[in-house]
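The values are calculated or read from the model by the stated rules, or taken from the named source; none is laboratory data. The structure presented is a predicted model; accordingly, all values stated were derived computationally and were not measured. Ideal geometry is used to build each Cβ from the backbone, glycine not excepted, and the neighbour counts take in all protein chains shown.
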Amino acid sequence: MIYKEPMSENEDPHVKYETHLWVEKYGDYLYRFALMRLKDPQVAEDTVQETFLAALKNLHQFDGRVDVKYWLRGILRNKSVDHVRKSVRRKELQDEQVQEVVGQLLFKTSGIPTTRPKDWAFDPDAAFAQEEFWEAFKGCLDALPEQTRLAFQLKMVDEIPTEEICKELDISDNYLWVTLHRARAQLKTCLESKWSAA
Amino acid sequence: MFLTCKQVSNHLSKEDYAKLSPFRKFTLKLHVLICPVCGKYNQQVMKFQDMARTFRKQEEDFLEDDRPESPHLNEDSKKRMAELIEQDKAS
């Protein structure tokens, strides 16, 4: 039988999770993550600072089951969502074009907005293997409208569950799906102009 | 047994594809391959999912890239944040 040291009730979480080392160990990592999500260096820096303070406030709830770095990154992701949600006007969230697609018979019956998407102008599988392609991809992702980019990052890159994204952004799942459709269409157009021309 | 276009789209939109049974995966792939309605569109959706997953690995490399030319917090900001953490601890 393996003897497990009982956790002391008085164990200080600041000591246990080495909060004095957070900035040195995770500051740059979090800053780069914030830059990927928020673009503006000043906003990114402020959000990292807010993340550390929010984490300290909730330190007693942290159970240590995930690495501190990923726990902090999760808090930072939520902070980034808050920031974008506040900065995007309500009008954009309820974009009429999106509502129109959601209401279409094709979408209602088959869950897709079009049966005839254009073919790729390049071979995606061959492109994936090239480092330069990902530079182009990052550039195209950055060029998306903030709300659309965020929806794509949360759903496709971070793989956050649909229900959670819809709750955070206060949109329906159909609305999210159509927003993702627009993100893909815009990314495809951008990648084709950047990559096919290269 | 067979999936409808709506079910295929729902699986792809929820990205629960990896959790499906092998048979369900097979029928989904088959549907996407032959369906004249949603096949082409959903093939592109699946390609974007591959793209996003590969990009995630690239993003992780970028986040871990500590070379001097990659983005860093400046030293003053780090000092300020470290002080704030110390203050919070003391309070």
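Quick one: A:E168 ticks every box in (1) at the interface with another protein chain (Cβ under 8 Å from one of its Cβ atoms); (2) of a type in the set (D, E); (3) outside any loop (DSSP other than H, G, I, E, B) except a single one, so which number is it?
Just one mismatch for A:E168, condition (1).
Under 9 Å by Cβ, and 6 or more places apart or on different chains, what pairs join a residue from the stretch B:66-91 that is at pLDDT 90 or above with one that is of a type in the set (S, T, N, Q)?
B:S77/A:Q49; B:R80/A:Q49; B:M81/A:Q49; B:L84/A:Q49; B:I85/A:T19; B:E86/A:T19
Does A:T162 qualify as being under 25 Å from B:A18 (Cα atoms) and surrounded by fewer than 20 Cβ atoms within 10 Å (Cβ to Cβ)?
When the stated conditions are applied, A:T162 passes them.
If you go through the stretch A:39-61, how many residues are more than 15 Å from B:I85 (Cβ to Cβ) and among the hydrophobic types (A, V, I, L, M, F, W, C)?
Qualifying residue count, the stretch A:39-61: 2.
Conditions (1) facing another protein chain (nearest Cβ under 7 Å); (2) part of a helix (DSSP H, G or I); (3) surrounded by 17 or more Cβ atoms within 10 Å (Cβ to Cβ), marked per residue:
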position: B:P36; (1), (2), (3): no, no, no
position: B:Y41; (1), (2), (3): yes, yes, yes
position: B:R56; (1), (2), (3): yes, yes, no
position: B:E59; (1), (2), (3): yes, yes, yes
position: B:K78; (1), (2), (3): yes, yes, yes
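Which number in (1) in contact with a Ser or Thr (Cβ under 9 Å, 6 or more places away or on another chain); (2) in contact (Cβ under 8 Å) with a residue 24 or more places away in the chain; (3) facing chain B (nearest Cβ under 9 Å) marks the one condition that A:T162 misses?
Condition not satisfied by A:T162: (2).
So which of B:S91, B:S13 is surrounded by 12 or more Cβ atoms within 10 Å (Cβ to Cβ) and of a type in the set (G, A, S)?
Values: B:S91 fails: surrounded by 12 or more Cβ atoms within 10 Å (Cβ to Cβ).
Result: B:S13 is the single residue among B:S91, B:S13 that is surrounded by 12 or more Cβ atoms within 10 Å (Cβ to Cβ) and of a type in the set (G, A, S).
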